[in-house]
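All remarks here apply to the structure that follows.
The values are calculated or read from the model by the stated rules, or taken from the named source; none is laboratory data. Because the structure is predicted, anything quoted here is derived from the model rather than measured. Cβ sites come from the backbone with ideal geometry, for glycine too, and all protein chains shown count toward neighbours.
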Amino acid sequence: MAARGGYGTTRILPLIDWKKAVRRRKLIVGFSDLTAVLSYLSTRLGFPCIHGPMAAADLALRFEPAALDAFARLAAGEVSPREPWGSPAERIRGGAAEGVLSGGCLSVLTSLLGTPYEPDFRGALLFLEDVGEPAYRIDRMLTQWVQSGRLSKIAGILVGTMAPARGESIDELRRLFHDAGKRLSVPVRYGFPAGHAGKNVALPFGVRARIDAKGRLFLLDSPVEKV
């Protein structure tokens, strides 16, 4: 489990012995700047990770009991594929979707485009969130991903809880993700309780998941079984 996020994880990617990391199998937990590590491990090396709490930034300061319980159950492999995970997300575009849960912080993911550590999102149920980014920057990053062609084979988009920048509204963010989904011809759901704002319910990356027509998320595999 990472202590905190912030900045700098992308700088250490070339310094990691990835072959040794995969051999020494254990759950890797974090979010925010740790997105760089989680996305590479889960999409390129087939190593499941948990987008979830960090020790100093969450457990010591602001973690809700319900979210802590969800993380503990996920890490222990105690989640059933018949159990809705988190709370239903709002329908922005389309209906149900199923794929390999992947993603993380949008700005960190965008910084990996064109590098050896760029994630492979083919077949992904793509989870995206960020913090403090104005709408025009969200739009710029989404547009870069769409125009790069790297999202042409995703199954759908699940957006976390994102607080709008000062003076902006959630409706602006909804519109941007709706537009991205329209250009990609995929379903989009908004407001899953994970990310920088809200409860930050833990999500397993690198395992299959499904969103049904009611916006409920079901985790079809366990990250613990795959580790």
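A compact table of results
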{"item": "Residues located in region 58-69, provided they are surrounded by 14 or more Cβ atoms within 10 Å (Cβ to Cβ) and either touching a Lys or Arg at 6+ places or on another chain (Cβ under 8 Å) or not in a helix (DSSP H, G or I) (or both)", "result": "63, 64, 67"}
{"item": "Selection within region 8-37 - under 20 Å from the mean Cα position of the chain (by Cα) and either closer than 19 Å to residue 162 by Cβ or hydrophobic (A, V, I, L, M, F, W, C) (or both)", "result": "13, 27, 28, 29, 30, 31, 32, 33, 34, 35, 36, 37"}
{"item": "Region 207-226, residues that are out of contact with any Lys or Arg (no Cβ under 7 Å at 6 or more places or on another chain), of a type outside the set (Ser, Thr, Tyr) and either modelled with pLDDT of 95 or more or surrounded by fewer than 21 Cβ atoms within 10 Å (Cβ to Cβ) (or both)", "result": "208, 209, 210, 212, 213, 214, 216, 217, 219, 224, 225, 226"}
{"item": "Lone unmet requirement of (1) within 23 Å of residue 40 (Cα to Cα); (2) crowded, with 24+ Cβ neighbours inside 10 Å; (3) touching a Lys or Arg at 6+ places or on another chain (Cβ under 8 Å) for residue 189", "result": "(1)"}
{"item": "Single residue of region 18-57 satisfying the filter (of a type in the set (Lys, Arg) and assigned to a loop (DSSP other than H, G, I, E, B)) that is surrounded by the most Cβ atoms within 10 Å (Cβ to Cβ)", "result": "25"}
{"item": "Residue within region 73-83 that is part of a strand (DSSP E or B), at pLDDT 90 or above and farther than 30 Å from residue 23 by Cα present", "result": "no"}
{"item": "Every pair of residues 6+ apart whose Cβ atoms lie under 9 Å, when the first sits in region 18-34 and is under 10 Å from residue 47 (Cα atoms) and charged (D, E, K, R) while the second is surrounded by 21 or more Cβ atoms within 10 Å (Cβ to Cβ) and modelled with pLDDT under 95", "result": "25/47"}
{"item": "Qualifying positions in region 46-85 - without any contact (Cβ under 8 Å) to a residue 24 or more places away in the chain and under 15 Å from residue 220 (Cα atoms)", "result": "73, 78, 80"}
{"item": "Residue count for region 197-220, restricted to those that are in a loop (DSSP other than H, G, I, E, B) and either without any contact (Cβ under 8 Å) to a residue 24 or more places away in the chain or out of contact with any helix residue (DSSP H, G or I) (no Cβ under 7 Å at 6 or more places or on another chain) (or both)", "result": "8"}
